[in-house]
Amino acid sequence: MYRIAPSILSADFARLGDEVKSVVAAGADVIHFDVMDNHYVPNLTIGPQVCAALRPHTTAPIDVHLMVKPVDRIVPDFAKAGATSISFHPEASEHIDRTIQLIHASGCKAGLVFNPATPLDYLDFVLDKLDIVLIMSVNPGFGGQSFIPMALEKIRRVRERIDRSGRDIRLEVDGGVKADNIGAIAAAGADTFVAGSAIFGAKDYAAEIAAMRAAVAASR
Ligand code: DX5
Ligand code: ZN
């Protein structure tokens, strides 16, 4: 039930296909794919063409995290490029409910992403339509930042909402996740863990992922 999702933001971009294969062979469950537009966030990364290029290299789900504004125009492109899920920030969409519908109509799972200061109220009328709630534990835009502890309280509150809904919704956390804090994050209620610098910065991807799984198991 727990999933480790390495963020390829911290991978070697000159060897992206090999990096994806290595990290999946090392035990990753999901590939987290960070899309930044130098507009919604102050950084620029990769788009649908790179997603399409990676798709044949792995059968692992590709978890697209859109940090772009506007959102809707690019959604079908990522669906065609082989994205499994597409998550977006409510501040970046003019019509949140419509964007969720568009993602589903494109054949992907839909996620809503909460920045550290974004209130959870956005969930009030859409939680039952979501497949993923993604809690940012850093401000989006860069890998290698420190985990913001307030995210733990937010994760607990989302866990309650998901449990009350009775629906199968993933609770994902993104930013500053490492082997030494992943246990507390799991105990707060997260089930999907994005980690960029912790995994791709490690010499041995398998050992790092195993250390994370062990810490999650110990927290139960
Ligand atoms: C930040 C991205 C994250 C980032 C995580 O905007 O959404 O996915 O890559 O990197 P680390 O794990 O290094 O904080
Ligand atoms: Zn991300």
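Considering region 141-159 alone, what residues qualify as being among the hydrophobic types (A, V, I, L, M, F, W, C) and either open to solvent by 90 Å² or more (accessible area, probe 1.4 Å) or under 18 Å from residue 89 (Cβ atoms) (or both)?
Those that are among the hydrophobic types (A, V, I, L, M, F, W, C) and either open to solvent by 90 Å² or more (accessible area, probe 1.4 Å) or under 18 Å from residue 89 (Cβ atoms) (or both): 142, 148, 150, 151, 155, 158.
Out of the residues in region 192-220 meeting the condition of being within 16 Å of ligand 2 (Cβ to nearest atom) and aromatic (Phe, Trp, Tyr), tell me which one is surrounded by the fewest Cβ atoms within 10 Å (Cβ to Cβ).
So the residue we want is 200.
Residue check: is residue 17 assigned to a loop (DSSP other than H, G, I, E, B) and either within 14 Å of ligand 2 (Cβ to nearest atom) or touching a helix residue (DSSP H, G or I) at 6+ places or on another chain (Cβ under 9 Å) (or both)?
The answer is no for residue 17.
Matching residues to (1) open to solvent by 10 Å² or more (accessible area, probe 1.4 Å); (2) small (Gly, Ala, Ser); (3) over 17 Å from the mean Cα position of the chain (by Cα):
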residue: 113; (1), (2), (3): no, no, no
residue: 116; (1), (2), (3): yes, no, no
residue: 139; (1), (2), (3): yes, no, no
residue: 161; (1), (2), (3): yes, no, yes
residue: 180; (1), (2), (3): yes, no, yes
residue: 190; (1), (2), (3): no, yes, no
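Would you check if there is a residue in region 36-52 being within 17 Å of the chain's Cα centre (by Cα) and of a type in the set (Gly, Ala, Ser)?
yes
Can you tell me which residues in region 111-128 are over 25 Å from residue 182 (Cβ atoms) and in contact with a Leu (Cβ under 9 Å, 6 or more places away or on another chain)?
Within region 111-128, 122, 126 qualify.
The rows are residues; the columns are (1) more than 16 Å from ligand 1 (Cβ to nearest atom); (2) within 24 Å of residue 37 (Cα to Cα).
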{"site": "138", "(1), (2)": "no, yes"}
{"site": "147", "(1), (2)": "no, yes"}
{"site": "158", "(1), (2)": "yes, no"}
{"site": "162", "(1), (2)": "yes, no"}
{"site": "165", "(1), (2)": "yes, no"}
{"site": "171", "(1), (2)": "no, no"}
{"site": "174", "(1), (2)": "no, yes"}
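Confirm whether residue 86 is closer than 19 Å to residue 107 by Cα and more than 15 Å from ligand 1 (Cβ to nearest atom).
When the stated conditions are applied, residue 86 does not pass them.
Between a residue in region 190-208 that is without any contact (Cβ under 8 Å) to a residue 24 or more places away in the chain and any residue that is within 8 Å of ligand 1 (Cβ to nearest atom) and open to solvent by 10 Å² or more (accessible area, probe 1.4 Å), which pairs come within a Cβ distance under 6 Å, given they are 6 or more apart or on different chains?
Correct list of pairs: 198/178.
May I ask you to say which residue of 184, 190, 198 is within 16 Å of ligand 1 (Cβ to nearest atom), in a loop (DSSP other than H, G, I, E, B) and either in contact with a Leu (Cβ under 8 Å, 6 or more places away or on another chain) or under 18 Å from residue 27 (Cβ atoms) (or both)?
So the residue among 184, 190, 198 that is within 16 Å of ligand 1 (Cβ to nearest atom), in a loop (DSSP other than H, G, I, E, B) and either in contact with a Leu (Cβ under 8 Å, 6 or more places away or on another chain) or under 18 Å from residue 27 (Cβ atoms) (or both) is 190.
Which residues, taken from region 12-53, are crowded, with 21+ Cβ neighbours inside 10 Å and in contact with an Asp or Glu (Cβ under 8 Å, 6 or more places away or on another chain)?
Answer for region 12-53, where residues must be crowded, with 21+ Cβ neighbours inside 10 Å and in contact with an Asp or Glu (Cβ under 8 Å, 6 or more places away or on another chain): 19, 30, 31, 32, 33.
Let me confirm something: among 70, 61, 90, which residue is over 29 Å from residue 207 (Cβ atoms) and open to solvent by 30 Å² or more (accessible area, probe 1.4 Å)?
Going through 70, 61, 90 in turn, the sole match is 70.
The values are calculated or read from the model by the stated rules, or taken from the named source; none is laboratory data. Worth saying up front: this structure is predicted, and the values here are computed from it rather than measured. Cβ: placed from backbone, ideal geometry, glycine included. Neighbour counts: every protein chain shown. Accessible surface is based on the protein model in full, side chains and every heavy atom, while ligands, DNA and RNA are left aside. Shrake-Rupley method; radii C 1.70, N 1.55, O 1.52, S 1.80 Å.
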